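*Asks:* Sharing a structure with you now.
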Amino acid sequence: MRRVVITGMGCVSPNGIGTHAFWEATRNGISGIGPITRFDSSDFAVKIAGEVKDFCEQDYVSPKDRPHVSRAAPLAIAAVEEALESAGIHPARMNRDQLRGIGVILGSGGGSQEFTEEQYRLYHSGHWRQCSVYVVPTSTIGTLASEVSMRFGFRGLSHVVSTGCTSSTDAIGYAYRNIQAGVLDTMIAGGVDAPIAPLILRGFMAMRILASRWNDCPARASRPFSRDRDGFVIAEGAWFFVLEERERALARGAVILGEIAGYGSTCEAYHRVRLEECGEEPARAISLALEEAGLAPEAIGYLNYHGTSTELNDRIETRAVKLAFGEHAYRLPGSSLKSLIGHPQGACGAAGIAATILAMNHGFLPPTVNLEVPDPECDLDYVPQAGRRADFEYAVANCIAFGSKNSALVLRNSR
């Protein structure tokens, strides 16, 4: 099978716009969680989120088009634009045949849900004439990838993967598979979600899985693996990558940021939102990725946890890691990016992969902040409170989703 490398990266995150800003905040444990400003949350029990602040949507979508697309579209376009620039790929200079050789696979859990919610608000408040003429196509999740393809002129496949929280991990996994199989040599892959809207927030509140005790201190609200955690923090953002067949990337002189060495995905077939207590299927997804990479568990030097800050996820993910890695689990450092940015739903896998690649390239493990009172059932090395220096060749980025889904990628350091 052909080898697949990452040659470009773009990040639009609650704790930093642009890859450099994202990494500086992440390595230094700086949170991007704050009060909700997108709408009036004064009568909500939860008033905080991981919003991308100071992001100028009009730089990526014209004022004329903005009412007809979701916020996810400019977030994704911004991240893809940075990824292409860092990879040295310039679509405007390409001919039609070259553009036909680039595909897009985008992962998103909610797609344009916040846009659709606003359209219903306009309709039911008697302002139906203000509804977008594109309410149907924009509300159809598949067109989100088309927004990226149309912006840059890419004429290869243009697909959306929506598998809950594993969406962007799976999107990158499918892009990896397409390049492995020789379908295309270059893929744009990653994730975006923009779920900060009133009804979406109400829905998660009804499930009682959002952090609600930290409205006065938002940066402390996301507390993965800590005994006093009380739920996750909803968030938004976009993280995208340029994936290329390795020999092609080397031939054009591209700088290789990392390599995808293995991908595994499973389903517990258990419950809409709960995880099975045994942790066997999340562990098997990791093991499948390791098997494809041809690696023993002991070869892995860092694990990027899903780490949502919910009691159920943190406890069972810890159990799954012990099953997958055996005794090495106790020597394996890992961290949860969600402690710093909240939970950007289907984009979280791509966010964790970005943090992992940057950790590899800089030889530094980002921390899990707010881990002040460890849960006795979460007894591994989560790099608590402060990051640390470490050189490692291989890492695993793990994801767990609603609907019993589990996905993992093995990444190789190409330094």
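*Asks:* Please go through region 194-204 and give me each residue that is within 13 Å of A49 (Cα to Cα) and touching a helix residue (DSSP H, G or I) at 6+ places or on another chain (Cβ under 8 Å), ordered by number.
*Replies:* Once the filter is applied, which keeps residues that are within 13 Å of A49 (Cα to Cα) and touching a helix residue (DSSP H, G or I) at 6+ places or on another chain (Cβ under 8 Å), region 194-204 yields A194, P195, I196, A197, P198, I200.
*Asks:* Answer yes if at least one residue in region 373-389 is over 17 Å from N15 (Cβ atoms), outside the structural domain of G32 (by TED's automatic domain parsing) and modelled with pLDDT under 95, and no otherwise.
*Replies:* Checked against the condition, which is being over 17 Å from N15 (Cβ atoms), outside the structural domain of G32 (by TED's automatic domain parsing) and modelled with pLDDT under 95, region 373-389 yields at least one hit.
*Asks:* If you scan region 384-405, which residues turn out to be within 16 Å of Q345 (Cβ to Cβ), in contact with a Lys or Arg (Cβ under 9 Å, 6 or more places away or on another chain) and in a strand (DSSP E or B)?
*Replies:* C399
*Asks:* Also, quick follow-up: Considering (1) farther than 20 Å from E236 by Cα; (2) in contact (Cβ under 8 Å) with a residue 24 or more places away in the chain, say which one G126 fails and leave the rest.
*Replies:* The failed condition is (2).
*Asks:* Against the definition (under 27 Å from I188 (Cβ atoms) and touching a His at 6+ places or on another chain (Cβ under 9 Å)), how does T116 come out, yes or no?
*Replies:* no
*Asks:* For L275, state whether it is at pLDDT 95 or above and either buried (at least 17 other Cβ atoms within 10 Å of the Cβ) or on the phi > 0 side of the Ramachandran plot (or both).
*Replies:* So L275 does not fit the description; no.
*Asks:* Given the condition surrounded by fewer than 24 Cβ atoms within 10 Å (Cβ to Cβ) and farther than 28 Å from H20 by Cα, answer yes or no: does some residue in region 331-347 qualify?
*Replies:* Yes; the residues of region 331-347 include at least one that is surrounded by fewer than 24 Cβ atoms within 10 Å (Cβ to Cβ) and farther than 28 Å from H20 by Cα.
*Asks:* List the residue pairs whose Cβ atoms are under 6 Å apart, where the first residue sits in region 107-123 and is farther than 22 Å from S162 by Cα, the second is in a helix (DSSP H, G or I), and the two are 6 or more positions apart or on different chains.
*Replies:* L122/Q130
*Asks:* Could you tell me how many of the residues in region 85-108 are assigned to a helix (DSSP H, G or I) and crowded, with 22+ Cβ neighbours inside 10 Å?
*Replies:* Qualifying residue count, region 85-108: 1.
*Asks:* Anything in region 362-388 that is of a type in the set (S, T, N, Q) and surrounded by fewer than 17 Cβ atoms within 10 Å (Cβ to Cβ)? List them, or say none.
*Replies:* Of everything in region 362-388, just one residue is of a type in the set (S, T, N, Q) and surrounded by fewer than 17 Cβ atoms within 10 Å (Cβ to Cβ), namely Q385.
*Asks:* How many residues does region 391-415 hold that are among the hydroxyl-bearing types (S, T, Y) and at pLDDT 95 or above?
*Replies:* The qualifying residues number 2.
*Asks:* Can I ask one more? Can you go through S158, S168, S139 and tell me which one is modelled with pLDDT of 95 or more, within 14 Å of A73 (Cβ to Cβ) and touching a strand residue (DSSP E or B) at 6+ places or on another chain (Cβ under 6 Å)?
*Replies:* Unique residue meeting the criteria: S158.
*Asks:* Name the pairs whose Cβ atoms lie under 6 Å apart, with the first residue in region 389-413 and within 19 Å of T310 (Cβ to Cβ), the second of a type in the set (A, V, I, L, M) and at pLDDT below 95, and 6 or more positions between them or separate chains?
*Replies:* Going by the 6 Å Cβ cut-off, the qualifying pairs are F402/V273; S404/A269.
*Asks:* Can you report the number of residues in region 41-76 which are of a type outside the set (D, E), closer than 30 Å to M205 by Cα and not in a loop (DSSP other than H, G, I, E, B)?
*Replies:* Final tally of qualifying residues: 11.
*Asks:* Here is a further query. Take residues that are small (G, A, S) and tell me which of the helices (runs of 4 or more DSSP H) falling wholly in region 167-258 contain 3 or more.
*Replies:* Qualifying helices (runs of 4 or more DSSP H): 167-180.
*Asks:* Scan region 1-30 and report the pairs whose first residue is in a loop (DSSP other than H, G, I, E, B) and whose second residue is of a type in the set (F, W, Y) and surrounded by 21 or more Cβ atoms within 10 Å (Cβ to Cβ), with Cβ atoms within less than 7 Å and a gap of 6+ or a chain change.
*Replies:* N15/F22
*Asks:* Report, by residue number, each residue of region 205-247 that is hydrophobic (A, V, I, L, M, F, W, C) and within 18 Å of the chain's Cα centre (by Cα).
*Replies:* Listed by number, the residues that qualify are F232, V233, I234, A235, A238, W239, F240, F241, V242, L243.
*Asks:* For region 286-333, give me the residue count where each residue is touching a residue at least 40 places away in the same chain (Cβ under 8 Å) and assigned to a helix (DSSP H, G or I).
*Replies:* Total satisfying the criteria: 23.
The values are calculated or read from the model by the stated rules, or taken from the named source; none is laboratory data. Since we're looking at a predicted model, the values are computed, not measured. Using ideal geometry, Cβ is built from the backbone for each residue, glycine included, and neighbour counts are taken over all protein chains shown.
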